[in-house]
Amino acid sequence: METKEKLSEVKNFIDGKFERNGQKPMNVESPIDGSIISTIPLSTYADVDKAVKAASEAYKTWSATTMKERAQIFFKYRFLLEKNIQELTELIVLENGKSYGESKAEVEKSMELCEFAVSLPQIVSNEVQEVSLGVECRTERRPIGVVASIAPFNFPNMVPHWTMPNALMLGNTMIMKPSELVPLSVVRMSELLKEAGLPDGVFNVVNGGKEVVESICDHPGIEAVSFVGSTRVAKIVYKRATSNLKRCVALGGAKNHLIVLPDAHLDMTASNVVASMSGCAGQRCMAASVMVGVDKVQHIIDKMVEDAKKIVPGDNLGSVISAAAKERIEGYITAAERAGATILLDGRGATVAGKEGGYYVGPTIIDYVTPEMSVASEEIFGPVISIIRAKDLDEAMDIENSSNYGNAAAVFTQSGGLAKQVMERASAGMIGVNIGVPVPREPFSFGGWNESKFGVCDITGRSSIEFWTQNKKTTIKWNPEAKTNWMS
């Protein structure tokens with residue numbers, strides 16, 4: 001998509017209408033070439049309050065509809081995602097900088113998330129049991145009210161669909177706060193939901209920065225908050241939301257370790273590790289960040305370098321999100337080099353012809369990294385992988401388990417026994433065996449351990465049902481003539 005023409009300004013979407021606020025707007029840049037593509041309003045507590053009032057009013061009717069009725073709207077919405085997939089894909093390319101293929105895959109994943117949501121009427125069923133003669137107990141899942149979702153920049157279409165379809169299908173109404181860096185996809189999402197027949201006020205969008213996040217955490221009318229972003233901010237959001245007596249699940253960052261054993265399949269391992277570290281320019285919390293090479297794996301490392309040289313910025317590798325991100329990522333590479341690591345493939349200083357103002361970092365492979373180096377312990381969020389050498393699997397597991405994070409871990413081997421050891425011992429919520437990006441598919445939920453996740457339950461998959469609903473228990477007795485005992 002060309003970025004020569006500026007798009008229309010982004011507005012808040014409240015009670016089924018787009019509206020601007022009185023605050024000074026902020027520019028939105030395309031990381032492809034650094035051009036300004038739009039502006040967003042920097043909203044305040046008053047804007048959040050207005051959205052909450054609209055959502056609260058809509059909740060009265062929306063929560064009273066059946067799940068089957070709600071599903072009909074999301075069937076239409078899923079069709080609209082497919083119908084408009086090219087436009088939605090190009091929006092992601094424009095505002096996030098991903099390649100076209102990665103952007104299209106993101107929309108396709110959003111479609112899958114909607115497919116799971118419309119299956120919820122078949123999954124969420126009431127439990128009824130006659131517990132004593134003439135006495136019946138039943139449980140049912142009920143929505144909790146107005147909820148909020150705070151989304152990151154790295155998946156402007158998919159991550160909002162982690163939360164929105166399930167939360168709304170279960171009868172809640174929502175305030176969405178997209179990243180101020182990538183607001184365009186959520187704007188279009190709002191329009192398509194309205195076209196699908198979603199009632200006004202059920203889904204609302206408030207744009208802005210820190211003040212909107214704080215307002216969401218503080219507003220007494222919001223019952224639950226989901227957050228996806230860095231661990232530093234996840235901790236702040238979790239503490240602030242829960243201190244205001246809200247439910248909260250806050251997903252943070254990662255430092256995913258891929259353990260490569262000498263018997264690993266050469267071509268499959270090299271291609272998977274490289275794809276994991278460079279896909280979406282490394283800007284995903286499931287990206288490979290550290291490869292722990294066990295014993296004799298030089299042949300695999302050589303193949304990785306060979307494969308990574310085929311990844312070209314501006315061709316099959318997108319940009320990183322900003323100039324600050326590019327500077328930070330390249331700073332990590334320089335620090336590793338100064339600390340004594342060997343740069344096998346250097347992505348610093350990458351440029352793309354005709355898009356010299358864009359923010360690109362080439363694929364980078366750093367060997368002979370030690371655990372105390374910053375590239376080994378801190379989240380880089382770029383197309384960079386550090387290689388730490390280990391003498392055996394026990395040492396490799398010690399390296400993996402020493403990380404403060406716990407999103408994902410993977411092992412590459414042809415030995416089922418060794419793979420099982422990693423599956424059992426790795427301190428991470430999502431494990432891969434010969435898979436570089438072990439993201440569970442629906443109906444399984446996404447979520448890490450340790451400092452990669454704060455809170456209980458999940459916001460996706462089957463386990464999201466418990467987060468987005470509350471349990472109502474009812475005991476019924478109709479027959480006064482029935483024989484009674486102590487349970488009656």
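Quick notes on this one:
- Of all residues in segment 120-146 being aliphatic (A, V, I, L, M) and in a strand (DSSP E or B), the one that is surrounded by the most Cβ atoms within 10 Å (Cβ to Cβ): VAL146
Results for (1) basic (Lys, Arg); (2) in the same structural domain as SER271 (by TED's automatic domain parsing); (3) outside any helix (DSSP H, G or I); (4) in contact with a strand residue (DSSP E or B) (Cβ under 7 Å, 6 or more places away or on another chain), shown as yes or no for each residue.
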site	(1), (2), (3), (4)
GLY406	no, yes, yes, no
ALA409	no, yes, yes, yes
MET423	no, yes, no, yes
PRO440	no, no, yes, yes
PRO443	no, no, yes, no
ARG462	yes, no, yes, no
ASN479	no, no, yes, no
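- Flag if ALA409 is surrounded by 20 or more Cβ atoms within 10 Å (Cβ to Cβ), under 27 Å from GLU106 (Cα atoms) and of a type in the set (Gly, Ala, Ser): yes
- Checking PRO363 against (1) surrounded by fewer than 19 Cβ atoms within 10 Å (Cβ to Cβ); (2) over 30 Å from ALA241 (Cα atoms), the condition it does not meet: (1)
- Taken as a whole, segment 363-380 holds no residue that is within 29 Å of the chain's Cα centre (by Cα), among the small types (Gly, Ala, Ser) and under 23 Å from LYS310 (Cβ atoms).
- Test: VAL206 is in contact with a Ser or Thr (Cβ under 6 Å, 6 or more places away or on another chain), more than 25 Å from LYS104 (Cα to Cα) and buried (at least 24 other Cβ atoms within 10 Å of the Cβ): yes
- Residue check: GLY197 meets all listed conditions (1) at positive phi; (2) touching a strand residue (DSSP E or B) at 6+ places or on another chain (Cβ under 6 Å) but one, namely (2).
- Filtering segment 149-206 to residues that are touching a Lys or Arg at 6+ places or on another chain (Cβ under 6 Å) and closer than 19 Å to THR44 by Cα leaves ILE150, VAL206.
- For segment 39-53, the condition of being of a type in the set (Gly, Ala, Ser), under 23 Å from ASN166 (Cα atoms) and buried (at least 17 other Cβ atoms within 10 Å of the Cβ) holds for at least one residue.
- Helices (runs of 4 or more DSSP H) within segment 169-267 that include 3 or more residues within 30 Å of SER427 (Cα to Cα) and β-branched (Val, Ile, Thr): 231-243
- The one condition in (1) over 20 Å from the mean Cα position of the chain (by Cα); (2) of a type in the set (A, V, I, L, M, F, W, C); (3) closer than 21 Å to ILE321 by Cβ that ALA105 fails to fulfil: (1)
- Test: residue in segment 319-339 that is more than 20 Å from THR231 (Cα to Cα) and either in contact (Cβ under 8 Å) with a residue 60 or more places away in the chain or outside the structural domain of VAL290 (by TED's automatic domain parsing) (or both): yes
- Restricting attention to segment 7-41, the residues being part of a loop (DSSP other than H, G, I, E, B), within 17 Å of GLU211 (Cβ to Cβ) and touching a helix residue (DSSP H, G or I) at 6+ places or on another chain (Cβ under 7 Å) number 2.
- Near pairs, Cβ below 6 angstrom, 6+ apart or cross-chain, from segment 347-362 (basic (Lys, Arg)) to any residue that is at pLDDT 95 or above and not in a loop (DSSP other than H, G, I, E, B): ARG348/GLU330; ARG348/ILE333
- Looking only at segment 298-326, and only at residues there that are β-branched (Val, Ile, Thr) and in contact with a Pro (Cβ under 6 Å, 6 or more places away or on another chain), the one that is surrounded by the fewest Cβ atoms within 10 Å (Cβ to Cβ): ILE311
- Scanning segment 331-376 for residues that are farther than 22 Å from LYS391 by Cα and assigned to a loop (DSSP other than H, G, I, E, B) yields a count of 18.
- Residue within segment 249-260 that is under 15 Å from the mean Cα position of the chain (by Cα), more than 28 Å from MET373 (Cα to Cα) and either assigned by TED's automatic domain parsing to the domain that holds SER56 or surrounded by fewer than 24 Cβ atoms within 10 Å (Cβ to Cβ) (or both) present: yes
- Subset of segment 83-113 (residues that are surrounded by fewer than 21 Cβ atoms within 10 Å (Cβ to Cβ) and farther than 30 Å from TYR359 by Cα): LYS83, GLU112
- Within segment 54-71, tally of residues that are farther than 16 Å from ASP200 by Cα and buried (at least 22 other Cβ atoms within 10 Å of the Cβ): 0
- PHE116 vs. criteria assigned to a loop (DSSP other than H, G, I, E, B), outside the structural domain of GLY282 (by TED's automatic domain parsing), surrounded by 14 or more Cβ atoms within 10 Å (Cβ to Cβ) and of a type outside the set (S, T, N, Q): no
- Flag if GLY382 is touching a Pro at 6+ places or on another chain (Cβ under 8 Å), part of a loop (DSSP other than H, G, I, E, B), at pLDDT 95 or above and not hydroxyl-bearing (Ser, Thr, Tyr): no
The values are calculated or read from the model by the stated rules, or taken from the named source; none is laboratory data. Predicted model only: the values in this text are computed from it and were never measured. Because the Cβ atoms are built from the backbone with ideal geometry, glycine has one as well, and the counts that use them run over all protein chains shown.
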